[in-house]
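The structure appears below as structure tokens.
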Amino acid sequence: MRISKTLLALGLGAALAATSFAQAEDKVVIGFSQIGAESEWRTANTNDVKKAAEELGIELKFSDAQQKQENQIKAIRTFIAQKVDLIGFVPVVETGWDNILREAKRAKIPVMIMDRDLKVSDDSLYVAKIGTDSYAEGRKMFEWMDNYVTQTDRKARNGGDKLNIVILEGTVGASAAVGRTNGFNEALAASPNKDRYNILAAQTGDFTRAKGQQVMESFLKSYRDDIDILISQNDDMALGAIQAIEAAGLKPAQDIIIIGADAVKGMFQAMIDGKANATIECNPLQGKIFFETALKVLKGEPVQKVVYVDEGVFSADQAAEVFPTRKY
Ligand code: AHR
């Protein structure tokens, strides 16, 4: 990266940034470790990262970890060896990052987090996180469900006095799964309507369509005539589950209420087709703010430690109208 006079004039406050800039050649170079391509959401997130880097004239070294933390650690180590200006990554799981982030710190390379959260012993191991609030998303899943069953005066299919819920959880140990689980469970426990619900089963579907379908098939084998509500921690798993529900001779969105998370186009189409009821948005369009923040970090400017992107809630009755405006 070649240091422009303008950048120099801005004063390179942070010691980390100053070192990186001193090794400058042409462009700002950022190493980015993505977790993989498990969902429609993730593809949109990756596309947005690449587009934003290009628009801001950043040289992006992109690495796909294929869902493995060890691959992310290797990629980060490679970025350190390559002396990139800044490292960004989406932590596939919350824990296990301390050592590699200490290596980055020793090399004086600032680190930023995108999308998911992590737990480290020392918060100064990363400078900022741009992403989503999974806990809030989990709460919204409960709130939408509770309002809907209240408004529609929903009764249990098996004639019992509780509505039976099954939950498709995301990747084990991922903040997007942990946060959504905690948000949902805590909203449920605090609700005056909590006695209305029974959680029949919860299992990971790893945020993929194929596993969502597979796990829903096993839920249906055990509880075909009992399930009233499916909470799916992402839309891809919900879309897989819809196939399992239809194959079991049930009507998705009618026999079983289906609530997903992400608000991807595939889920909008399912809602338009009358096969899903709602989706809680998890916004993947984080690239621009991520790289703008990175550039500020490299200039030594102050940045906010955590920034959450805006997210909405969409139900089947709005789907056809909103669909043409969706960007992912
Ligand atoms: O971390 C965000 C989650 O990861 C999205 O909900 C999901 O689709 C993705 O795989």
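Once you put a point 7 Å from the Cα of Q66 and another 7 Å from the Cα of R224, both along the Cβ direction, what distance in nm separates them?
3.8 nm
Can you compute the label reach from Q318? Point 7 Å from Cα along the Cβ direction, backbone N cut-off under 20 Å, restricted to the stretch 140-163.
Residues 140-152 fall inside that zone.
Cross-link list K74/K305; K27/K108; K83/K299; K119/K299; K74/K327; K74/K129: which exceed 23 angstrom alpha carbon to alpha carbon?
Over 23 Å apart, Cα to Cα: K74/K305; K119/K299; K74/K327.
Using a Förster distance of 56 angstrom, determine the FRET efficiency expected from the C-beta separation of K251 and T95, and round it to 0.05.
0.85
Could you rank the peptides 235-241, 135-141 by their average count of other C-beta atoms within 10 Å per residue, with the highest value first?
235-241, 135-141
Tell me the mean residue ellipticity at 222 nm calculated for the chain from its helices only (DSSP H runs of n ≥ 4, each -39500 (n - 2.57), averaged over every residue, nearest 500). Kindly include the intermediate steps, with their values, before the conclusion.
Working: 12 runs with 140 residues, N = 328.
After summing the helix terms and dividing by the residues of the chain, the value is -13000 deg cm²/dmol.
What distance in nm lies between label points placed 7 Å from Cα along the C-beta direction at K74 and T150?
Using points 7 Å along Cα→Cβ, the separation is 5.1 nm.
Give me the Kirkwood hydrodynamic radius of the chain, using the inverse of the mean 1/r over all pairs of distinct Cα atoms, in Å to one decimal.
Mean inverse Cα-Cα distance, inverted, gives 20.8 Å.
For the stretch 20-90, compute Rg over Rh where Rg is the Cα radius of gyration and Rh is the Kirkwood radius from the inverse mean 1/r over Cα pairs.
With Rh from the inverse mean 1/r over Cα pairs, Rg/Rh is 0.99.
Just order 298-306, 202-210 by mean Cβ neighbour count inside 10 Å, highest at the front, would you?
202-210, 298-306
Values in this text are rule-based calculations from the coordinates and carry no lab data. Predicted model, so just to flag it, every value in this text is computed and none were measured. Because the Cβ atoms are built from the backbone with ideal geometry, glycine has one as well, and the counts that use them run over all protein chains shown.
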